[in-house]
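To keep things clear, I will list the structure first and then write my remarks on it.
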Amino acid sequence: MFAGTLNAGREMAEVAWQNKCRQEDLAQRELENERRAIDDARRSVDEKAQQLKAISHQSALIAGFSMVVLVEVQIPEDIDGLLISFFVWTAAMCVAFNLIAMLNATLTLVAILRYNVVKREVPFREFWVKYCESDFIFALKMFSYGVPTFMFVLGQIGWVILWSHEAWLYA
């Protein structure tokens with residue numbers, strides 16, 4: 001009888017120990033899941049941040065190059081007024097497109113870097129779609145307008161510089 005009571009007590013202690021271990025295991029898994037969610041949010045923020053930085057940096061470079069072209073090009077005295085106005089307008093539009101892209105990407109970058117990856121009141125995907133995606137698309141669109149405009153400006157440089165030379169007419 002004493003052995004039966006001892007066995008029952010030992011079984012109860014073992015069940016209690018298993019329950020305690022199970023509760024600790026569940027708590028540990030919950031903590032690991034939270035860490036994974038934080039890491040996922042950080043990765044998502046970093047991915048978007050890298051995209052925005054790339055657009056911002058490339059836009060700034062192209063805008064700077066366009067501005068240098070606009071300022072440093074040697075314009076002949078006898079150039080056609082329509083050609084020079086078209087060249088200046090195209091270079092100015094290139095600078096404007098790329099500056100708008102750079103500023104939009106930079107300000108969107110500031111917004112996503114302020115996202116709290118630990119608390120995550122709103123999931124990052126929802127935050128991105130609601131607050132940032134339209135600005136990102138606009139910046140990307142301005143950049144996609146700025147790059148071909150820059151290529152067009154580079155093509156126009158030869159035309160503007162060689163305007164007074166007659167050698168290109170006979171080529």
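Here, segment 19-171 yields an orientationally averaged convex hull projection of 12.4 nm² when only Cα atoms define the hull. Within the assembled protein chains, the solvent-accessible surface assigned to residue 80 is about 70 Å², based on a 1.4 Å probe.
Within the assembled protein chains, the solvent-accessible surface assigned to residue 67 is about 90 Å², based on a 1.4 Å probe. Computed with a 1.4 Å probe on the full set of protein chains, the accessible area for residue 99 sits at about 70 Å². Ranking 90, 106, 5 from most to least accessible surface, computed with a 1.4 Å probe over the protein chains only, gives 5, 106, 90. With all protein chains in place and ligands, DNA and RNA left out, the 1.4 Å accessible area ranks 133, 72 as 72, 133, largest first.
When all protein chains stay in place and ligands, DNA and RNA are ignored, the 1.4 Å accessible-area order of 120, 114, 42, largest first, is 114, 42, 120. Using θ = phi - 60° in the Karplus curve 6.51 cos²θ - 1.76 cosθ + 1.60, the 3J(HN,Hα) couplings for segment 102-113 round to 5, 5, 4, 5, 5, 5, 5, 4, 4, 5, 6, 6 Hz; x is entered for Gly and Pro.
Here the chain is treated with +1 on each Lys and Arg Cβ and -1 on each Asp and Glu Cβ, and its dipole about the Cα centre works out to around 800 debye. Under 23 Å of direct C-alpha separation, and excluding same-chain neighbours fewer than eight residues apart, residue 141 reaches these lysines: 48, 53, 130.
The values are calculated or read from the model by the stated rules, or taken from the named source; none is laboratory data. Given the structure is predicted, the values throughout are model-derived calculations rather than measurements. Glycine gets a Cβ as well: all are built from the backbone with ideal geometry, and neighbour counts include every protein chain shown. Ligands, DNA and RNA are stripped out before the accessible areas are found, and what is left, the full protein with its side chains, is counted by its heavy atoms. Shrake-Rupley method; radii C 1.70, N 1.55, O 1.52, S 1.80 Å.
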